[in-house]
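I have placed the structure first, in the form of structure tokens, so that the comments after it can refer back to it.
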Amino acid sequence: MTRIETDRAPGAIGPYSQGYVVGNFVYTSGQIPVDPANGQVPQGIAAQAEMSCRNVSAILEAAGTDLSKVIKTTCFLADMGDFATFNEVYAKYFVGKPARSCVAVKQLPKNVLCEIEAIAVL
């Protein structure tokens, strides 16, 4: 088991890691849309989805893989009314169409609108 750490994605805001490599798989923690350069959260679902996707990508790259190798994602939305816009952004990044679960939740950390976690193959 190898812990993934990169400054190209936000650091953990609690007692967890950005991700782990276990065998031939990478497991990322859920990535909220915090810009790792300045700690800010962009406004609107499109910008937040974009940032969450970029954060997942950065962790995967630090582990030695990329978005094309993602086999499963779990997506959390604060409002299912954002589903269509979220999907438009998500589809630009996850072009391999991994298996996915997408659920609405009552609230996300820092009151963001979305969060994405992924499992990928090395």
Could you tell me the relative contact order of the chain? Use alpha-carbon pairs under 8 Å, at least six residues apart, and round to a whole percent. 33 percent
May I ask you to order 53-60, 95-102, 76-83, 110-117 by the average number of other C-beta atoms within 10 Å around their residues, highest value first? 53-60, 110-117, 76-83, 95-102
Which aspartates and glutamates does LYS110 reach when only Cα atoms under 17 Å apart count, and residues fewer than 8 places away in its own chain are ignored? ASP35, GLU50, ASP79
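If you average 1/r across every pair of different Cα atoms in the range 16-122 and take the reciprocal, what Kirkwood value do you get, in Å?
Final number for the Kirkwood radius of the range 16-122 is 13.6 Å.
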Just tell me which lysines come within less than 16 Å, Cα to Cα, of LYS97; anything on the same chain fewer than 8 places away is out. LYS69, LYS72
Tally the DSSP beta bridges in the chain and give the antiparallel ones as a percent, rounded to 5. 75 percent
Using a 1.4 Å probe, what is the accessible area per residue for the range 19-96, in Å²? 44 Å²
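Over all directions, how big on average is the projection of the convex hull of the alpha-carbon atoms in the range 1-42, in square nanometres? Before the final figure, lay out the partial values.
Numbers: hull surface 12.6 nm².
That works out to 3.2 nm².
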Counting only protein heavy atoms, what percent of the accessible surface of the chain is carbon or sulfur at a 1.4 Å probe? 52 percent
THR65 long-range amide H proximity, modeled H, under 5 Å: none
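The values are calculated or read from the model by the stated rules, or taken from the named source; none is laboratory data. Keep in mind that this is a model prediction, so the values were computed, not measured. Positions of Cβ are backbone-derived with ideal geometry, glycine not excepted, and every protein chain shown enters the neighbour counts. For accessibility, only protein heavy atoms count, side chains too; no ligands or nucleic acids. Shrake-Rupley method; radii C 1.70, N 1.55, O 1.52, S 1.80 Å.
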